[in-house]
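Accompanying notes for the structure given below.
The values are calculated or read from the model by the stated rules, or taken from the named source; none is laboratory data. Computed from a prediction, not measured in an experiment: that's the story for all the values here. Note that each Cβ is placed from the backbone with ideal geometry, even for glycine, and that neighbours are counted across all protein chains shown. Note: areas computed on protein heavy atoms with side chains; ligands, DNA, RNA excluded. Shrake-Rupley method; radii C 1.70, N 1.55, O 1.52, S 1.80 Å.
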Amino acid sequence: MVVATFARTTLVLAAVLLSAVPAGADDVLKVAIGQMDTWVNQAAVLGQRTGIFKTHGIVLENFATQGSGETLQAVISNAAQVGIGVGTLGVLRAYSKGAPLRIVGASFTGVGDLYWYVRADSPIARLADATAGNTIAFSSNGSSVHNVVLAFAQNLGLKAKPTQTGGLATTLTQVMSGQIDIGWATPPFALKEAADGKIRIIANGNDVASLRDQTVRVEIVSEATWKNQDLMKRLMRAYRESLAWMFADPLAIKLYSEATGVADNLVRTSIDTFALKPAKQLDHISGVDAIMAEGLNFKFLDKPLSKEQLSDLIQILPGGP
């Protein structure tokens, strides 16, 4: 009887141990994320933290960059296999010059998540008040932030000098120290400072009507990563799961709040105020022709990409298993 019980116990333990051993090693992907602490770029971060990608046999090694230009270069140089939140215009330019990459999803459509602010004691109450002697911040060349600032100048008559400031925290420091007159941010960054009366928000990206329906940022992978279709299917399934979960489960806001120090009520408010969920639709890249036209106007593109080039560059896998 004891022998039989021991045998059964041994078989059960063996089955448990075997089930715990993966059929193969997980695929490890390095992921470059511009403005990593913002809510809209959390799918890869929270999905990795909560094990969503692990269930698909993928481990993400996420690291932050100072903006989409730096993210783009990381993917082009293979320092990362995946880039999150990369300016669409910058990607079009890089691909037109032979960069080995693919667009695999929309990151953000519209520019309502971008806002510009001044110190509370600034005499600038709106963009029209800025003079040629003032400065306005953007993150990096070719980023969606840069694109909006250029559109401010062209469409709204902004006179302030566009100045590259890098990430969110460094931009805020430069504004508060008086080095930059008009800073930029994306939710929920700097909203606490605004609520505390330290800064005033004076402009929103959607003030430029032509940008409201454009997919200004995209998710990209290296060409070599794209060619591994089994990996790509698992990656995009995991990404979709993570994206859906972070907008549906209050735990996502709680984990984000704990990691960033941003109050969870401020996160919830910003999700609704800036309509972040509808702008985070992965499957549709919109306004490409308008983006290319602006690229030509701003001298970022030498000529529009052909239909064949766009068909090769934009590779969005359908949803589902």
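Below are the figures for this structure:
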{"item": "Which label in [x] 1.12; [y] 0.96; [z] 1.05 gives the computed Cα Rg over 2.2 N^0.38 Å", "result": "[x]"}
{"item": "From phi via Karplus (6.51, -1.76, 1.60), per-residue ³J(HN,Hα) for region 135-140 in Hz, x at Gly/Pro", "result": "10, 10, 8, 9, 6, 8"}
{"item": "Relative packing of 156-163, 200-207, which averages over residues the other C-beta atoms within 10 Å, highest first", "result": "200-207, 156-163"}
{"item": "Per residue Cα convex hull volume in Å³ - calculated over region 211-279", "result": "128"}
{"item": "Length gained when the stretch Ile201-Ala128 is fully extended (0.36 nm per residue, less Cα-Cα span)", "result": "24.9 nm"}
{"item": "Per-pair calculated FRET efficiency, R0 = 25 Å: Gln309 and Asp230 via Cβ, rounded to 0.05", "result": "0.45"}
{"item": "Accessible surface, 1.4 Å probe, highest first, among residues Arg126, Arg268", "result": "Arg126, Arg268"}
{"item": "Mean separation of Cα contacts under 8 Å, 6 or more apart, over the residue count of the chain: relative contact order %", "result": "25"}
{"item": "Crossing angle, helix 288-297 versus the chain [Cα axis fit, 0-90 degrees, rounded to tens]", "result": "40"}
{"item": "Ala209-Asp264 pseudo-label distance in nm [points 7 Å out on the Cα-to-Cβ vector]", "result": "4.2"}
{"item": "Protection proxy ranking of 169-182, 82-95 - average other beta-carbon atoms within 10 Å, highest first", "result": "82-95, 169-182"}
{"item": "Packing-based order for 304-315, 101-112, using average beta carbon neighbours within 10 Å, highest first", "result": "101-112, 304-315"}
